[in-house]
Amino acid sequence: AATVRVRWPSGVVQELHDVAAGTLHVVEEPPLLALTPASRHLPADGRSTATLLVTPRQPDGSVRMGATVTARVAHGGGTAAAPRWNGSAWEVTITAPATAGSSVVEVQVDGVAVGVRPRLWWD
């Protein structure tokens, strides 16, 4: 096939070119979101922070630096700071609430919600 387009559940669109027929191809989604800590559990102390990295991609997998990224805590407690470009990804700091529970973060790239909504637990 001259071009194969994969639309991942996260919303990332990936294009492969000159894909040979009759063979098995393993295609991996380029990372869009990364959350630290990986356990997604933090103390509910009103000051602990998690870091969400958002890396918008071009169809060829390269970083799309001109994208507009927004993030907000859509459900639960805590706050999300405005995304900052760190030179390779958009970085969002999420601060814990003072009470236990969980939160869901909604991320938008160029005004379109990303198909994955990370959850954090405040213990």
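The values are calculated or read from the model by the stated rules, or taken from the named source; none is laboratory data. Just so we're clear, the structure is a prediction, and the values are computed from it rather than from any experiment. Neighbour counts run over all protein chains shown; Cβ positions are idealised from the backbone, glycine included. All accessible areas refer to the heavy atoms of the entire protein, side chains included, with ligands and DNA or RNA removed. Shrake-Rupley method; radii C 1.70, N 1.55, O 1.52, S 1.80 Å.
Quick notes on this one:
- When you filter the trypsin sites (Lys or Arg not before Pro) in segment 21-73 for DSSP loop state and at most 16 other Cβ atoms inside 10 Å of their Cβ, you are left with Arg40, Arg47, Arg64.
- For segment 67-112, a/c is not less than 1.5, where a ≥ b ≥ c are the root eigenvalues of the C-alpha gyration tensor, and a/b does not top b/c. That puts it in the oblate class.
- Rel. contact order, % - alpha carbon contacts under 8 angstrom, at least six apart, segment 13-123: 27 percent
- Rounded to the nearest 5, the antiparallel percentage of DSSP beta bridges internal to segment 12-123 is 95%.
- Charged neighbours of Val54, selected by a Cβ distance under 15 Å, balance to +1 (K, R count +1; D, E count -1).
- Of all accessible heavy-atom area on the chain, the percent that carbon and sulfur account for (1.4 Å): 54 percent
- For Trp8 and Thr68, the difference between the fully extended length at 0.36 nm per residue and the C-alpha to C-alpha distance is 19.6 nm.
- Part-to-part distance (alpha-carbon centres) for segment 1-16 and segment 26-75, which is given in Å: 20 Å
- Modelled FRET efficiency - R0 22 Å, Asn86 with Asp60, Cβ distances, 0.05 increments: 0.50
- Structure-derived P(r) over Cα pairs in 5 Å bins from 0, in percent - corresponding label in [x] 2, 9, 12, 13, 14, 15, 14, 10, 5, 4, 2, 0; [y] 2, 11, 22, 22, 18, 12, 8, 3, 1, 0; [z] 2, 11, 20, 20, 15, 12, 8, 6, 4, 2, 1, 0: [z]
- Radius 15 Å from Cβ of Pro83, net charge of other residues (Lys, Arg +1; Asp, Glu -1): 0
- Chain lengthening between Arg47 and Trp121 when straightened (0.36 nm per residue, less Cα-Cα): 25.2 nm
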